[in-house]
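The structure appears right after this line, and notes come after that.
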Amino acid sequence: MSRLVPASATALGMIRAGVCGVFLLTVLATSFQNLGRLPVTILRPTGIMQLFSWGFYDRLVTPGGMSVLKYALAASLALSTVGYLTRLSTITSALLLIFYQGLLRSFGHFTHDEMAGVYFLIVLAATPCGDGFSVDSLARTRRRHAEGFVYGYPILLMQSLLAWGYFSSAVIKLRVMGAGYFNPDTLPTLAIIHSLDNLHDTHFRLAFLLPEASAYLPVAVGLIVVWEFAFPLAVVWRRARVWILSVGVLFHFSTLFLMNIFFPYTLAMYLVFIDWESVSNRLARVRPWRGLREWWRDFRGVPEEFDGVKIADTSLRESLLWDGDCGFCGAMVGRLQRLARRPFQERPSRTVEEKLPDEVRRAAREQMHWIDADGAVTGGSRALVELLDASGRKSVAALLDSPPCRPFAWLGYRLVARHRDKAARLAGQPRSNS
Amino acid sequence: MTSEPLNASRNNSTTRHAERRLLRRYVVLSVGLFAPLVLSFVFIRNVYPVAVWKVMLLDPEAPRGRTYFILRGETVGGETIDIPPINLMGGMYGRTWWMAGATAANSSFKLGSLHPENARMLAEVGGVERLPRGARLPELIRVWGDIYNERQPAGSPRRLKAMRLDAYRWDGVRFDDYEQFVESWRAEL
């Protein structure tokens, strides 16, 4: 799998951010209010859009109704882009986008440009694309699945869907028009049809030069069809990928200038062929990015979970270990004691250092730790949740541990723990006990 | 301190189970996406959201030639100016030309389930064949005209008093005579 596609949670997460980000930007840049002024009486609901009643469309296709759709779409796509509540937000993004694109096609016609992106959103909604490069994954120190098929297959599937579009397009050209597709007049006729009006998005006039070059056009058209047939090679043969995608860029820009037809979404969806993790690793060698990445690695590097670690000494169980040299930490422990419904043991970690495993001892200066009744150890925001739970504040613990709060609990804890000096000043507490 | 092989093996088993469930989901997802696409390809028919990529094609059985449209505004200053609708309604990118063509052909009056307003209009005129071409075009043109005027300063000679959609025909055979005027729709603003 990894020979064909990058098969990591981060790679899939980066693609999720890219696909959702493209749609988010275009939704934000579109005036839905103006779309809401179109007369509903010219609407021709297509496919599944026929499931909705005329009464529904009457209420929706108004400036107010379309604004609600825009806010819902933008909010959902923004959440999917950053990977927050990803399981839910990717599903709502896919559903809302299918609806919105269907509505546009019910006014206009079945353009294919956004369809690959719509299918990608369906794929993302059904896969664990929030396991990496997401807000959701911030608080997670472990991957949910081993890297490989679980993360690689969705990328392969998206690439195959895009390849299907090109390949089937070539077959259909030959099925519908046969050898007539290579007639010298076909391309000029198609190009001129799309260059006569002022209702297309661009108004290039190069199409009118094509009849003069008609002797060469069958060859050009033939090469395009061969390229479309060859597109699946971009999925299975990495070396061919650069060439096939480069021709794709050239082809789509040619159709823009010659035919006033452009497929920007399809071009943007080529992003599924790029190994973004590798791009990010290369960028990390460049100075400003290197510093940023090192800072992030350091910030994120303190573990909150210690798999398989158990403290054998039963006297330490159900106790909180904290940085005894930190006055601010002591004050916070005092507050937690007052908040607790059941009192808990607490002690400076320095006093029990020799009883702690290496990985816990190393993190002891960076965060507090909670040792539960079984001897299992958690640190930082995870320790806070376990402590609140054990001390009778179950609802607060459940809230902090819920999917919407978990990333922010982690981020909040890390920020405060890292900047204890500033936090102490803000809270009017001493930084040090000495 | 001890490590827990039993827990580790339990975790591994849970992970394997989750991955098997994902594998099944991937099979369903792949079949669910590709089966309709292949069917749509076999029948060469778009049924939204299932697409068949019939792009850059000329229908060999359709008569040659094409009717096309130019959107124009008549300003209060007395000028007639071309107004590309993409500048007025970016959301319809890539589709405006088709929307105008379908509205001119009264396509929204030929549906299985008509909008109540369209059904009422049809009942009044006595059938779709008696309907004037582009029965709903003036409403569409007026929307474009209103949006255009809202962007002009009050009192500007560039403001429109009317919006017009002019239809022309190209026979699709000769690569020289492209502008045979057909008809025009006009909406006072």
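Going by the conditions given, is A:Val360 farther than 15 Å from A:Val302 by Cβ and either surrounded by 18 or more Cβ atoms within 10 Å (Cβ to Cβ) or touching a helix residue (DSSP H, G or I) at 6+ places or on another chain (Cβ under 6 Å) (or both)?
Values: farther than 15 Å from A:Val302 by Cβ: no; either surrounded by 18 or more Cβ atoms within 10 Å (Cβ to Cβ) or touching a helix residue (DSSP H, G or I) at 6+ places or on another chain (Cβ under 6 Å) (or both): yes.
Against the criterion (farther than 15 Å from A:Val302 by Cβ and either surrounded by 18 or more Cβ atoms within 10 Å (Cβ to Cβ) or touching a helix residue (DSSP H, G or I) at 6+ places or on another chain (Cβ under 6 Å) (or both)), A:Val360 does not qualify.
When residues in segment A:242-266 are screened for being under 23 Å from the mean Cα position of the chain (by Cα) and either of a type in the set (Ser, Thr, Tyr) or surrounded by fewer than 19 Cβ atoms within 10 Å (Cβ to Cβ) (or both), 4 of them pass. Kindly provide the set of residues from segment B:93-119 that are without any contact (Cβ under 8 Å) to a residue 24 or more places away in the chain and part of a loop (DSSP other than H, G, I, E, B), ordered by number. Those that are without any contact (Cβ under 8 Å) to a residue 24 or more places away in the chain and part of a loop (DSSP other than H, G, I, E, B): B:Tyr93, B:Gly94, B:Arg95, B:Lys110, B:Leu111, B:Gly112, B:Ser113, B:Leu114, B:His115. Take the conditions (1) farther than 30 Å from A:Asp185 by Cα; (2) free of Cβ contacts under 8 Å to residues at least 24 places away in the same chain; (3) surrounded by 15 or more Cβ atoms within 10 Å (Cβ to Cβ); (4) hydrophobic (A, V, I, L, M, F, W, C); B:Val128 misses just one of them, which is (3).
Being without any contact (Cβ under 8 Å) to a residue 60 or more places away in the chain, in a helix (DSSP H, G or I) and touching a Lys or Arg at 6+ places or on another chain (Cβ under 8 Å) is the filter here, so list the residues in segment A:367-396 that pass it.
A:Leu388
Might you check whether a residue that is within 9 Å of another protein chain (Cβ to nearest Cβ), within 18 Å of the chain's Cα centre (by Cα) and assigned to a loop (DSSP other than H, G, I, E, B) occurs anywhere in segment B:75-85? Before the answer, list the steps.
Let us first name the residues in segment B:75-85 that are within 9 Å of another protein chain (Cβ to nearest Cβ), namely B:82-85.
Adding the requirement that they be within 18 Å of the chain's Cα centre (by Cα) leaves B:84-85.
Imposing the further condition that a residue be assigned to a loop (DSSP other than H, G, I, E, B) reduces the set to B:84.
Yes; the residues of segment B:75-85 include at least one that is within 9 Å of another protein chain (Cβ to nearest Cβ), within 18 Å of the chain's Cα centre (by Cα) and assigned to a loop (DSSP other than H, G, I, E, B).
Of all the residues in segment A:82-112, those that are in contact with a Gly (Cβ under 6 Å, 6 or more places away or on another chain) and either surrounded by fewer than 24 Cβ atoms within 10 Å (Cβ to Cβ) or free of Cβ contacts under 8 Å to residues at least 60 places away in the same chain (or both) number 1. Please verify whether segment A:126-141 includes one or more residues that are over 17 Å from A:Met14 (Cα atoms), surrounded by fewer than 24 Cβ atoms within 10 Å (Cβ to Cβ), within 10 Å of chain B (Cβ to nearest Cβ) and over 13 Å from the mean Cα position of the chain (by Cα). No, segment A:126-141 has no match at all. Checked against (1) in contact (Cβ under 8 Å) with a residue 60 or more places away in the chain; (2) within 14 Å of chain B (Cβ to nearest Cβ); (3) surrounded by 16 or more Cβ atoms within 10 Å (Cβ to Cβ), A:Ala312 passes all but condition (3). Remark: pairs (first residue in segment A:181-207, surrounded by fewer than 18 Cβ atoms within 10 Å (Cβ to Cβ); second residue assigned to a helix (DSSP H, G or I); Cβ separation under 6 Å; 6+ apart in sequence or on different chains) = A:Pro184/A:Leu217; A:Pro184/A:Pro218; A:Phe204/A:Phe257; A:Leu206/A:Phe257; A:Leu206/A:Leu258. Residue check: A:Arg44 meets all listed conditions (1) out of contact with any Pro (no Cβ under 7 Å at 6 or more places or on another chain); (2) touching a residue at least 24 places away in the same chain (Cβ under 8 Å); (3) over 30 Å from B:Leu137 (Cβ atoms); (4) not β-branched (Val, Ile, Thr) but one, namely (3).
Here's the yes/no breakdown for (1) among the small types (Gly, Ala, Ser); (2) exposed (fewer than 13 other Cβ atoms within 10 Å of the Cβ):
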residue: B:Ala100; (1), (2): yes, no
residue: B:Asn106; (1), (2): no, no
residue: B:His115; (1), (2): no, no
residue: B:Asn118; (1), (2): no, no
residue: B:Leu122; (1), (2): no, no
residue: B:Asn149; (1), (2): no, no
residue: B:Ala154; (1), (2): yes, yes
residue: B:Ala162; (1), (2): yes, no
residue: B:Val173; (1), (2): no, yes
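Only residues that are among the acidic types (Asp, Glu) and part of a loop (DSSP other than H, G, I, E, B): list them for segment B:49-74, please. Lay out the reasoning, then the answer.
Taking segment B:49-74 and keeping what is among the acidic types (Asp, Glu), we get B:59, B:61, B:74.
Scanning segment B:49-74 gives B:Asp59, B:Glu61.
Evaluating B:Glu139 against the criteria (1) over 25 Å from B:Met56 (Cα atoms); (2) out of contact with any Pro (no Cβ under 6 Å at 6 or more places or on another chain) leaves one unmet condition, (2).
Per-residue answers, yes or no, for (1) more than 17 Å from A:Ile42 (Cβ to Cβ); (2) among the polar types (S, T, N, Q); (3) in a loop (DSSP other than H, G, I, E, B); (4) touching a residue at least 60 places away in the same chain (Cβ under 8 Å):
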| position | (1), (2), (3), (4) |
| --- | --- |
| B:Gly91 | no, no, no, no |
| B:Gly134 | no, no, yes, no |
| B:Trp144 | no, no, no, yes |
| B:Ile147 | no, no, no, no |
| B:Arg164 | yes, no, no, yes |
| B:Phe175 | yes, no, yes, no |
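Do we have B:Phe34 as within 23 Å of the chain's Cα centre (by Cα), facing chain A (nearest Cβ under 10 Å) and closer than 25 Å to A:Leu104 by Cβ here? So B:Phe34 does not fit the description; no.
Values quoted throughout were computed directly from the atomic coordinates according to the rules given, and no laboratory measurement underlies them. Everything numeric in this text was worked out from a predicted model, so none of it was measured. Positions of Cβ are generated from backbone atoms using ideal geometry, with glycine treated the same way; all protein chains shown enter the neighbour counts.
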